[in-house]
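**Q** Structure provided below as structure tokens; questions to follow.
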Amino acid sequence: MMHAVGLVSGDPTIQISSPFVFHPGVQITVTEPGNAKWVYMMLPLPKGSLIEEITVACHSSGIQNRVTHIRLVEQREPVAADVLYDHPVEQELPSHYIISSACRVIVERSVLLNICMEFSSSDELIEFGSIEIKYIPDYEKKVS
């Protein structure tokens, strides 16, 4: 179980506000609306672990803002990465929601959780709370 405070972005149009007394979650806003706004979180999982499920708790302030993808990416060289798992979030979600995504990914290198968002306005936000990664440590050793 992790908190969304570990989310980072490489997009200069995305602003990440850390939690404080008036909002315990991590608030994401944008200076330019769009449909491919990505934030990332490094997952501190040991090699050989099996990731079984990803759960992300969210709140959206507007009906047109939403999470569109949950993705796991394996990072190698600084300019190369492989998509290990991609879950498009297609259903309509209420303003407070939990996205639960079952998967089956064995960790072999550094793994990033990627979350893609869509913003229709720069006046609205998406707030993230807990992020849960269900995994079995040393899975490869246990099944061999």
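The values are calculated or read from the model by the stated rules, or taken from the named source; none is laboratory data. From a predicted model like this one, the values you see are computed outputs, not experimental measurements. Using ideal geometry, Cβ is built from the backbone for each residue, glycine included, and neighbour counts are taken over all protein chains shown. Keep in mind that these areas ignore ligands, DNA and RNA; they rest on the heavy atoms of the full protein, side chains included. Shrake-Rupley method; radii C 1.70, N 1.55, O 1.52, S 1.80 Å.
**Q** Once the dipole of the chain is set up with Lys and Arg at +1 and Asp and Glu at -1 on Cβ about the Cα centre, which of SER120, ILE16, PRO44 lies farthest towards its positive end?
**A** With unit charges placed on the Cβ atoms, the residue in question is PRO44.
**Q** To continue, here is another question. Given the alpha-carbon gyration tensor of the stretch 23-103, what are the semi-axes of its equivalent ellipsoid in whole angstrom, ordered largest first, with each equal to the square root of 5 times an eigenvalue?
**A** Details: eigenvalues 121, 52, 33 Å².
Three semi-axes, in Å: 25, 16, 13.
**Q** Related question: Would you mind working out the accessible area per residue for the chain, using a 1.4 Å probe, and quoting it in Å²? Walk me through the intermediate numbers first.
**A** Values: 7730 Å² over 144 residues.
That works out to 54 Å² for each residue.
**Q** Give me the percent of accessible area attributable to carbon and sulfur for the chain, probe 1.4 angstrom.
**A** Heavy-atom surface of the chain belonging to carbon and sulfur, 1.4 Å probe: 53 percent.
**Q** Leaving ligands, DNA and RNA out of it, work out the accessible area of GLU52 with a 1.4 Å probe and give it in Å² to the nearest 10.
**A** That residue has around 80 Å² of solvent-accessible surface.
**Q** What does the helix-only formula give at 222 nm for the chain: each DSSP H stretch with n ≥ 4 adding -39500 (n - 2.57), the total divided by the residues, and the result rounded to the nearest 500 deg cm²/dmol?
**A** -500 deg cm²/dmol
**Q** Whole number please: convex hull volume per residue, Cα atoms of the stretch 90-134, in Å³. Mind dumping the intermediate values first?
**A** Values: hull volume 5.6 nm³, N = 45.
It is 124 Å³ per residue.
**Q** Right, here's the next one. Taking just the C-alpha trace of the chain, give me its Rg and Dmax in Å.
**A** 15.4, 52
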